[in-house]
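K.L.:
Please see the structure below; I have some questions.
The values are calculated or read from the model by the stated rules, or taken from the named source; none is laboratory data. Keep in mind it's a predicted model, so treat the numbers as computed, not measured. Glycine gets a Cβ as well: all are built from the backbone with ideal geometry, and neighbour counts include every protein chain shown.
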Amino acid sequence: MTDSLTAFAQTKLTGLEARSLKRTLVPTHRLDGLWVERNGRRLLSFSCNDYLNLSHHPAVKAAAVAAVQAHGVGAGASRLVTGDHPIFTQLEARLAALKGAEAACVFGSGYLANSGIIPTVVGQGDLILIDDLAHACIWSGAQLSGARIVAFRHNDVEDLAAKLGAHRAEAGRALIATDGVFSMDGDLAPLDKISALAQAHDAWLLVDDAHGLGVVGEGRGAAAMFPGAKVDLAMGTFSKALGGYGAYVCASQPVIDLLKTRARTLVYTTGLPPANAAAALAALDIIASDPELVAAPLAKARRFTRALNLPDATSAVVPILIGEADRTLAAARELETQGFLAVAIRPPTVPEGTARLRLAFTAGHPDAEIDRLAAAVRPLVNV
């Protein structure tokens, strides 16, 4: 006899499979920052967020190994108990200086960061306005907060202004949350205009710049491209351009002090392993010292978009929208036969009807392979 939980799960899976939306994990051996082995094939990956290929950089690996040898493989406890290794103080000071903020706080991951930051600063009786296409962890943090959630159309400052005008007066505190570089579309939020609206309506601005740090704004992220913008909560991760794992938020000292004493995803979880922090510091050293490396992912992405007469890429991410999930899966399989890994992105990661190949360009992608990928993708663009 099948128990009710198993029956529920099987029914859900059957429905997802019928719509080409069932996901499966595929073991993937990353050989370096570019090539992978997957299903017995050696493929050039255009699906990794390792934009500067630093996950395999000798200096980054050496820093992590040295930290393991000196400090072990784990933090041992919550940061508020004994898990606050001195290396976190160094990393937080470095991040705050990079972002021009008073202070910073390191979290275990980007999802943990936004799930903890948002409920700490807004709650019942407050308002949070979120870009339609903001990352799932922003929505999760908003739902946990108990604040009223109002979505505004993607990158539409007029719609944001209208929503602020309609709802701000009836709320206590207000927070606007957006990505800096949108992870699935690769476009940038107009942070100058969003910031101006936030200040005009006494709202705070949170920017998730996971895909901007190390890639745009000369490596300082999306906000650096809008020098007049005031970002109250500048959040990002170590798991994209920095090649490692973990996350941070930069803000004023009192805000950081509040997060360190009240953010549940910091208080009630084990601290990040010291090796991850050491790797992040080494990666930041490379970003600061090698502007040509930092500029490369965007240049590679633009080589691809120009080859296909697409609008110039504004980040390392270029989406090829196909629409239906089954057609997108078929396109990904076809690219695999040509030696490319371009994983199909389907709902709920992206809205219904917008399944796509999300292409991520890295500093190390050979120009000849980018040209070959463009030729392989051209039939999909010209449909």
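K.L.:
For the stretch 3-30, give me each residue that is within 26 Å of the chain's Cα centre (by Cα) and more than 30 Å from Phe340 (Cα to Cα). Before the answer, list the steps.
P.N.:
First, the residues of the stretch 3-30 that are within 26 Å of the chain's Cα centre (by Cα): 16, 20-30.
Matches in the stretch 3-30: none.
K.L.:
Between a first residue in the stretch 259-270 that is farther than 13 Å from Asn114 by Cα and a second residue that is among the aromatic types (Phe, Trp, Tyr), which pairs have beta carbons less than 9 Å apart while being 6 or more apart in sequence or on different chains?
P.N.:
If the second residue must be among the aromatic types (Phe, Trp, Tyr), the pairs left are Thr269/Phe107.
K.L.:
Hey, another quick one. Name the residue that is surrounded by the fewest Cβ atoms within 10 Å (Cβ to Cβ), counting only residues in the stretch 23-41 that are within 25 Å of Ile322 (Cα to Cα) and not hydrophobic (A, V, I, L, M, F, W, C).
P.N.:
Thr24
K.L.:
Scan the stretch 142-192 for residues that are surrounded by fewer than 18 Cβ atoms within 10 Å (Cβ to Cβ), in a strand (DSSP E or B) and not small (Gly, Ala, Ser) and report the count.
P.N.:
Here the count works out to 2.
K.L.:
Please work out which residue is modelled with the highest pLDDT, limiting yourself to the stretch 347-383 and to residues that are basic (Lys, Arg) and assigned to a helix (DSSP H, G or I). Working first, answer last.
P.N.:
First, pick out the residues of the stretch 347-383 that are basic (Lys, Arg): 356, 358, 372, 378.
Then keep just the ones that are assigned to a helix (DSSP H, G or I); that gives 372, 378.
On the way: Arg372: 97, Arg378: 94.
Residue satisfying both the conditions and the ranking: Arg372.
K.L.:
Which of the residues belonging to the stretch 264-280 are surrounded by fewer than 22 Cβ atoms within 10 Å (Cβ to Cβ) and either hydrophobic (A, V, I, L, M, F, W, C) or at pLDDT below 95 (or both)?
P.N.:
The first filter runs over the stretch 264-280 and keeps only residues surrounded by fewer than 22 Cβ atoms within 10 Å (Cβ to Cβ), leaving 264, 267-270.
Across the stretch 264-280, the qualifying residue is only Val267.
K.L.:
Could I ask something else about it? Inspect the stretch 175-190 for any residue being on the phi > 0 side of the Ramachandran plot and free of Cβ contacts under 8 Å to residues at least 12 places away in the same chain and give the result as yes or no.
P.N.:
We begin by selecting, within the stretch 175-190, every residue on the phi > 0 side of the Ramachandran plot; these are 186.
Okay, now just the ones that are also free of Cβ contacts under 8 Å to residues at least 12 places away in the same chain, so none.
Scanning the stretch 175-190, I find no residue that is on the phi > 0 side of the Ramachandran plot and free of Cβ contacts under 8 Å to residues at least 12 places away in the same chain, so the answer is no.
K.L.:
From Ser4, Ser20, which residue is farther than 30 Å from Leu298 by Cβ and surrounded by 15 or more Cβ atoms within 10 Å (Cβ to Cβ)?
P.N.:
Details: Ser4 fails: surrounded by 15 or more Cβ atoms within 10 Å (Cβ to Cβ).
From the options Ser4, Ser20, the qualifying one is Ser20.
K.L.:
Next up: Hey, could you check the stretch 72-111 for residues that are of a type in the set (Val, Ile, Thr) and without any contact (Cβ under 8 Å) to a residue 24 or more places away in the chain and say which is nearest to Asp285 (Cα to Cα)?
P.N.:
Kept after step one, since they are of a type in the set (Val, Ile, Thr), are these residues of the stretch 72-111: 73, 81-82, 87, 89, 106.
With without any contact (Cβ under 8 Å) to a residue 24 or more places away in the chain added as a condition, the list becomes 81-82, 89.
Working: Val81: 29, Thr82: 27, Thr89: 16 Å.
The residue in question is Thr89.
K.L.:
Additional query: Scan the stretch 300-323 for residues that are at negative phi and exposed (fewer than 15 other Cβ atoms within 10 Å of the Cβ) and jot them down. So that I can check it myself, show each step before the final result.
P.N.:
Let us first name the residues in the stretch 300-323 that are at negative phi, namely 300-308, 310-322.
Residues satisfying the conditions are Arg306, Pro311, Asp312.
K.L.:
Scan the stretch 126-141 and tell me whether some residue there is assigned to a helix (DSSP H, G or I), of a type outside the set (Phe, Trp, Tyr) and touching a Pro at 6+ places or on another chain (Cβ under 7 Å).
P.N.:
yes
K.L.:
Can you tell me which of Leu335, Leu284 is closer than 20 Å to Lys240 by Cα and either out of contact with any Phe, Trp or Tyr (no Cβ under 8 Å at 6 or more places or on another chain) or assigned to a loop (DSSP other than H, G, I, E, B) (or both)? Step through it out loud before you land on a result.
P.N.:
Values: Leu335 fails: closer than 20 Å to Lys240 by Cα.
Checking each option against the conditions leaves just Leu284.
Every residue, every condition in (1) basic (Lys, Arg); (2) out of contact with any Ser or Thr (no Cβ under 7 Å at 6 or more places or on another chain); (3) in a strand (DSSP E or B); (4) not assigned by TED's automatic domain parsing to the domain that holds His85, yes or no:
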residue	(1), (2), (3), (4)
Glu218	no, yes, no, no
Pro227	no, yes, no, no
Gly243	no, no, no, no
Pro254	no, yes, no, no
Lys260	yes, yes, no, no
Ala277	no, yes, no, no
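K.L.:
Does the stretch 232-263 hold any residues that are crowded, with 24+ Cβ neighbours inside 10 Å and either in contact with a Lys or Arg (Cβ under 8 Å, 6 or more places away or on another chain) or of a type in the set (Lys, Arg) (or both), and which are they?
P.N.:
Within the stretch 232-263, Ala234, Lys240, Cys250 meet the criteria.
K.L.:
Hey, another quick one. Looking at (1) at pLDDT 95 or above; (2) surrounded by fewer than 16 Cβ atoms within 10 Å (Cβ to Cβ), which one does Lys99 not meet, given that it meets all the others?
P.N.:
Among (1) at pLDDT 95 or above; (2) surrounded by fewer than 16 Cβ atoms within 10 Å (Cβ to Cβ), Lys99 violates only (2).
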